[in-house]
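Visitor: Quick one: structure below, then a few questions.
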Amino acid sequence: MANANNTTDDVIVLNEEGAKFGRAMLIAGLVLIAVGVGVGLSFDTRGLKGLLHSYLIAFMYVLSLGLGLLWIVIIQHLSKARWSVVVRRVAEVLAAGLPIVCALGLGIIIPMWLHNADLYIWVDHELVQNDHLLHHKAPYLNVSFFTVRCAVYFAFWGGLSTFFLKTSVRQDETGKAELSGLMHGVSAPAMILFAITLTFASIDFLMSLDPTWFSTMFGVYYFAGCIMSGHALWALSLMWLQSHGHITTSVTAEHYQDIGKMMFGFVVFWAYVGFSQFMLIWYADIPEETHWYHWRFEEPWKQVSIALLIGHFVLPFLGLMSRWVKRKKVSLAFWCIWLLIVQYIDMFWLVYPNGEAADRVPPSALVDLTLAAGMVALFLGSAIRRAAGINLIPTKDPALSDSLAFHNI
Amino acid sequence: MSDEESKSESAMDNTEDKPKSDAPTTANGEPLHGVLAEYHTPKELLAAAEKIRDAGYTVWDTYSPFPVHGIEKAQGIPWTILPWLVFGAGCTGLTVGLGMQLWTNGVDYKYLISGKPFFSIAANIPITFEITVLFSALTAFGGMLALNRLPKPSHALDHVERFNRVTDDRFFALIEATDPKFDDTATRTLIAETSPHHVEDVPADTRSENLPKFFTYVAAFLALTALIPLGYAYSVRGTTSTQPRIHIVPDMDFQQKFKPQRGNPFFEDGRAMRPQIEGTVASGDLQDDSHFYRGKVGKAWARTFPSRFTPNEAAMQRGRERYDIFCVPCHSVTGNGSGIVAQHALELAEGTWIPPTNLTLANIKQQPVGELYNTITHGIRNMPAYGSQIDPEDRWAIVLYVRALQRAQAGNVSHVPAAKRAGLK
């Protein structure tokens, strides 16, 4: 059994090596994004349209990681979770990488203002005027309102993640228990607004790629992937910190097992939501809905759809079921990396096959992966920078001793 | 008590072995069930459990008001196999759920619904999912009870006054007399070494392990009562009765309404159906063009298409489409009367079947178009009337297409336009 005194000999502040790594990640991220954009604009035969698609996938991917971690922080406060206190700071720090992710959203918004309709056809004013349905949707789907909505999302996510990190760090200094109460109080309305902003953001960024298609479950589908990959990144970050000599005794297999349980739960939830969305559309068999799946069931996307079903559900469902898998770092790390990869494939699958085959751009491994790696590096670099100089454990949280002594049956 | 604890208790509890004549007894001379030691904290209990485990005892257990972390290890209890049972039940549920639907919908009783495939994974996932969950959940629940040998109506510890506090704030360890290592003095010495706050002899439970008779009677009574509706249903099965059937759920069977061809005292003539008002025509019922609506010119069948119908390529395509929907099941795609319904009727060989007409026979070819039109409208022999289902325009289109089918039977290469002949090869 763990006991409450074992933080005293634990390294709970990021060491010099870690800080250096953070800086390196930040620079690497910027360089990779620049390279990705550069290649996309020059050598890539797909032109700007291809670059924007690659950019959107990478953006939605890294956004899903940030939002997943923000949700993790909110839900711990909302449920007044005690088991997670010792690992919560790492989630807070990672979620605090959201502001820089939101800044990357400009890469989607700016081309719109330059009347580029490569990504979203509803930006094309002339097309909208001549299409009754798009014209009807124009009061919602227009560049100005889109920008306003994005500003609201980004301000909310950035502000909320910063609030949680700052308040939690303030508690380290003052030791005031009321700060826990404040965060618990904020978490309730924050969760409602989080659900609304995430849903609308997924509609705006992903569903409106095909403005004629609609699914009321789409927001939940994106959400399920966010939370699953958020937990995966969370566990991997803890393992990275531990392998570099931080928080080695405070964080135990018990905490990993619980993170693994949540991850397993959201693997199943993703399948549940994904299937619910599919089955209703399949059963109703209405052309304005079925085409979205039809595109994804045609070659070559059929293979990706099947790979997603197996890789995103069947294999991790069986693989993560056992408690021993979740308690051993090696096996848990394997599934975390696996799920982070399939989450990328999911975004890839959501973005590319939209519109008739002739109107689509093909994927480009080089640009896709460079941009994704760059954005992830930028996000992690930014998060690590925010971790510098603060405790990696909320040392004055009233529930810390419970968390340290936490034990699964 | 946690599941794990109660499980270990039952797993190691072997009350069937009755104490032998030289078996240990309590101070009062009663047969001994075991020696009970009382502790005040989980820590004390854990330490005691480790000692008893290390001494090699197997038929013993600990009792606590809440799950004590690490007690399984301290007692040396092996990991439960319940997860594997649940996993196996889940896999069984998956197979049963999917297999049942595959058998009923895809093999045994194929029934076409809205053009969907007979068997399709997508439609069957919800039931498969539910059955998987049901099997797993019931196995988890029932398996837990079975592995713990619960419920247990009677236990020796029920009579120990001090043991009542086990649900409140006391911790106990009990070494049973049936343990092969049990020794009247050595065991008591070992227990004393664990520094308990109190030690007590527990007399063996002499009451019957069976359920009280009352429960048996009530269960039997309920089981018999449950058979009554089934028995009644079985007894009246296939019998005739002049009594109206029992309506458990009346639905809308007895609503007040007036039906066609029945009486209605409200009207003077006492009829529920109202005749058309004299001198009026209902909307769409005028049908003043006899050629178009009835296929007749004067009293004879029309030999030409009516002027309101233009026999062109579009009409031909429309006729083909309607023909494929309404006529093909009996008359077949080529019109020779060997459609799937006709084939099936011949297979049944019931003798009452009048086969559909071969539309390409000479006598049908000679029928005027008006007569063909009339047959579609009103039906003939056992062919039903299609007038209410197919608009006049479409009926004429079908007639046009039937003419094309008749012509096609006598066609040869020279009838095909030169430009399209290459496509025939």
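Visitor: Arrange the peptides A:149-155, B:32-38 so that the one whose residues have, on average, the most other Cβ atoms within 10 Å appears first. Mind dumping the intermediate values first?
Guide: Numbers: A:149-155: 17.1, B:32-38: 24.0.
In descending order of packing, they fall as B:32-38, A:149-155.
Visitor: While we're looking at this one, here's another question. How large is the dipole of the stretch A:15-151 about the Cα centre if only Lys and Arg carry +1 and Asp and Glu carry -1, each at its Cβ, rounded to the nearest 20 debye? All intermediate terms of the calculation are to be shown ahead of the outcome.
Guide: Working: 10 positive and 8 negative charges, 127 e Å.
That gives the stretch A:15-151 a dipole magnitude of about 600 debye.
Visitor: Let me ask something else. Distance from a point 7 Å along Cα→Cβ of A:Arg323 to each backbone N in the stretch A:54-87: keep the residues under 16 Å and list them by number.
Guide: Flagged as within label range: none.
Visitor: By its C-alpha gyration tensor, with a ≥ b ≥ c as the square roots of the eigenvalues, how is the stretch A:4-404 shaped: rounded for a/c under 1.5, else prolate for a/b larger than b/c, else oblate?
Guide: prolate
Visitor: Just check the protein assembly as shown against the gyration tensor rule for me: Cα atoms, a ≥ b ≥ c as the square roots of the eigenvalues, rounded for a/c under 1.5, and otherwise prolate or oblate depending on whether a/b exceeds b/c. Could the numbers behind the result be given before it?
Guide: Numbers: a/c = 2.87, a/b = 1.45, b/c = 1.98.
In terms of gyration-tensor shape, oblate.
Visitor: Using only alpha carbon pairs under 8 Å that are at least six residues apart, calculate the relative contact order of chain A and give it in whole percent.
Guide: Once divided by the residue count of chain A, the mean separation gives 39 percent.
Visitor: Among the listed pairs A:Lys329/A:Lys396; A:Lys166/A:Lys396; A:Lys20/A:Lys176; A:Lys166/A:Lys326; A:Lys80/A:Lys328; B:Lys296/B:Lys365, which have their C-alpha atoms separated by more than 21 angstrom in this model? List each step's numbers first, then the result.
Guide: Details: A:Lys329/A:Lys396 27 Å; A:Lys166/A:Lys396 14 Å; A:Lys20/A:Lys176 32 Å; A:Lys166/A:Lys326 31 Å; A:Lys80/A:Lys328 27 Å; B:Lys296/B:Lys365 18 Å.
Long pairs (Cα-Cα over 21 Å): A:Lys329/A:Lys396; A:Lys20/A:Lys176; A:Lys166/A:Lys326; A:Lys80/A:Lys328.
Visitor: Per-residue Cβ counts within 10 Å, from other chains only, averaged over A:281-288: what number is that?
Guide: Details: counts 1, 4, 5, 0, 3, 0, 0, 0.
Whole-number average of other-chain Cβ neighbours for A:281-288 is 2.
Visitor: Where does chain A land at 222 nm, in deg cm²/dmol rounded to the nearest 500, when only DSSP H runs of n ≥ 4 count, each adding -39500 (n - 2.57), divided by all residues? Numbers along the way, then the final one.
Guide: Details: 18 runs with 294 residues, N = 409.
After summing the helix terms and dividing by residue count, I get -24000 deg cm²/dmol.
Visitor: Which one, B:Ser120, B:Pro83, B:Pro153, is farthest towards the positive end of the dipole of the stretch B:1-206 when Lys and Arg carry +1 and Asp and Glu -1 on their Cβ?
Guide: Looking along the dipole axis, the top candidate is B:Ser120.
Visitor: Quick one: which bits of the stretch B:74-99 get at least 20 Å² less accessible when the partner protein chains are in, versus the chain alone, with a 1.4 Å probe?
Guide: Those are B:Trp79, B:Phe87, which lose 20 Å² or more relative to the chain on its own.
Visitor: Any idea of the accessible area per residue across the stretch B:1-206, 1.4 Å probe, to the nearest Å²?
Guide: Values: 11390 Å² over 206 residues.
Accessible area per residue, the stretch B:1-206: 55 Å².
Visitor: Sticking with this structure for a sec: Give, in nm to one decimal, the length gained when the segment between B:Ile325 and B:Thr41 is fully stretched (0.36 nm per residue of separation minus the Cα-Cα distance). Before the final figure, lay out the partial values.
Guide: Working: separation 284, 0.36 × 284 = 102.24 nm, distance 8.18 nm.
Fully extending the segment from B:Ile325 to B:Thr41 adds 94.1 nm.
Visitor: A plus B alone minus the pair: what accessible area, both sides summed, probe 1.4 Å, in Å² to 100? Before the final figure, lay out the partial values.
Guide: On the way: alone 17030 and 28700 Å², together 44530 Å².
Chain pair A/B: roughly 1200 Å² of buried accessible area.
Visitor: How large is the Kirkwood hydrodynamic radius of the stretch B:1-206, in angstrom, based on all distinct alpha carbon pairs?
Guide: Numbers: mean 1/r = 0.0501 Å⁻¹.
One over the average 1/r among Cα pairs gives 19.9 Å for the stretch B:1-206.
Visitor: If you take each beta carbon of peptide B:388-401 and count the beta carbons of other chains within 10 angstrom, what is the mean? The partial results should precede the final answer.
Guide: Numbers: counts 0, 0, 0, 0, 0, 0, 0, 0, 0, 0, 0, 0, 0, 0.
If you average over the peptide's residues, the count of other-chain Cβ atoms is 0.
Visitor: Let me ask something additional. Of the options A:Ser305, B:Ala220, B:Thr185, report the single residue whose Cα projects farthest towards the positive end of the charge dipole of the protein assembly as shown (beta-carbon charges: Lys, Arg +1; Asp, Glu -1).
Guide: With unit charges placed on the Cβ atoms, the residue in question is A:Ser305.
Visitor: While we're looking at this one, here's another question. Is chain B best put as rounded, prolate or oblate by its Cα gyration tensor, with a ≥ b ≥ c the root eigenvalues, rounded for a/c under 1.5, and otherwise prolate when a/b is larger than b/c, oblate when not? Present the calculation step by step, with values, prior to reporting the outcome.
Guide: Working: a/c = 4.50, a/b = 2.88, b/c = 1.57.
Prolate, since a/c reaches 1.5 and a/b exceeds b/c.
Visitor: Taking the Cα centroid of the stretch B:198-248 and of the stretch A:70-98, what is the distance between the two, rounded to the nearest whole Å?
Guide: Each part's Cα centre sits 54 Å from the other's.
Visitor: Skipping prolines and chain starts, which residues have an amide H placed within reach, meaning under 5 Å, of the one on A:Trp213, given they are 5 or more residues away or on another chain?
Guide: Amide H to amide H, under 5 Å and 5 or more residues apart or across chains, A:Trp213 pairs with nothing.
Visitor: May I pose another question? Go ahead and set up a Gaussian network model of chain B, Cα springs under 10 Å, then flag whichever of B:Gly97, B:Gly115, B:Gly56 fluctuates most.
Guide: B:Gly115
Visitor: So, counting K/R as plus one and D/E as minus one, what does the shell of residues with Cβ under 13 Å around A:His255 add up to? All intermediate terms of the calculation are to be shown ahead of the outcome.
Guide: Values: positive: A:Arg82, A:Arg88, A:Arg89, A:Lys261, A:Lys326, A:Arg327, A:Lys329; negative: A:Glu254, A:Asp258, A:Asp402.
So the environment of A:His255 carries a net charge of +4.
Visitor: Calculate, in nm to one decimal, what B:Leu286 and B:Gln366 gain on full extension: separation in residues at 0.36 nm each, minus their alpha carbon distance. Walk me through the numbers before you get to the answer.
Guide: Values: separation 80, 0.36 × 80 = 28.80 nm, distance 3.05 nm.
Result: 25.7 nm gained on full extension.
Visitor: Right, next: Going by average Cβ neighbours within 10 Å, how do the peptides A:357-364, B:257-264, B:273-280 rank, with the highest at the top?
Guide: Values: A:357-364: 13.9, B:257-264: 10.0, B:273-280: 7.9.
Packing proxy ranking, top to bottom: A:357-364, B:257-264, B:273-280.
Visitor: Separate question: Order the peptides B:286-292, A:332-338 from the highest to the lowest mean number of other Cβ atoms within 10 Å of their residues.
Guide: Values: B:286-292: 13.1, A:332-338: 18.3.
Per-residue Cβ counts within 10 Å, averaged per peptide and sorted highest first, yield A:332-338, B:286-292.
Visitor: Where only protein heavy atoms count, and the probe is 1.4 Å, what is the accessible area per residue for the stretch A:175-218 in Å²?
Guide: Working: 1690 Å² over 44 residues.
On a per-residue basis, 39 Å².
Visitor: Then there is this: Where the only charges are on Cβ atoms (+1 Lys, Arg; -1 Asp, Glu), what is the dipole of the protein assembly as shown about its Cα centre, to the nearest 20 debye?
Guide: 3080
Visitor: Also, quick follow-up: At 1.4 Å probe size, with every protein chain present, just tell me what the per residue accessible area of the stretch B:231-383 comes to in Å².
Guide: On the way: 11730 Å² over 153 residues.
I get 77 Å² per residue for this part.
Visitor: If you place +1 on the Cβ of every Lys and Arg and -1 on the Cβ of every Asp and Glu, how big does the dipole about the Cα centre of the stretch A:4-404 come out, in debye to the nearest 20? Write down the numbers at each step before the final one.
Guide: On the way: 25 positive and 28 negative charges, 250 e Å.
The dipole of the stretch A:4-404 has a size of about 1200 debye.
Visitor: When the accessible area of the protein assembly as shown is computed with all protein chains present and a 1.4 Å probe, what percentage of it is carbon and sulfur? Walk me through the intermediate numbers first.
Guide: Numbers: 28280 of 44530 Å².
Ligands and nucleic acids excluded, carbon and sulfur reach 64 percent.
Visitor: Using modelled backbone amide H atoms (1.01 Å from N, in-plane), which distant-in-sequence or interchain residues come within less than 5 Å of A:Val13's amide H?
Guide: A:Leu392
Visitor: A drop of at least 30 square angstrom in accessible area, chain alone versus all protein chains together, probe 1.4 Å. Which residues of the stretch A:377-409 meet that?
Guide: Those are A:His407, A:Ile409, which lose 30 Å² or more relative to the chain on its own.
Visitor: Mind giving me the FRET efficiency for B:Glu278 and B:Ile380? R0 is 41 Å, r the Cβ-Cβ distance, nearest 0.05 is fine. All intermediate terms of the calculation are to be shown ahead of the outcome.
Guide: On the way: r = 33 Å, r/R0 = 0.81.
Given R0 = 41 Å and the Cβ-Cβ separation, E is 0.75.
Visitor: Can you give the net charge of the other residues whose Cβ lies under 12 Å from the Cβ of B:Phe163, counting K and R as +1 and D and E as -1?
Guide: Net charge around B:Phe163: -2.
Visitor: Along the charge dipole of the protein assembly as shown, which of A:Cys226, A:Leu350, B:Ala173 sits closest to the positive end, that is, farthest toward it, with unit charges on the beta carbon of Lys, Arg, Asp and Glu (+1, +1, -1, -1)?
Guide: Sorting the options by dipole projection puts first A:Leu350.
The values are calculated or read from the model by the stated rules, or taken from the named source; none is laboratory data. Note that the structure is predicted; figures quoted are calculated from it, not measured. Please note: Cβ atoms are built from the backbone with ideal geometry, for glycine as well, and neighbour counts cover all protein chains shown. Side chains are part of the model used for accessible areas, which takes the heavy atoms of the whole protein and leaves out ligands, DNA and RNA. Shrake-Rupley method; radii C 1.70, N 1.55, O 1.52, S 1.80 Å.
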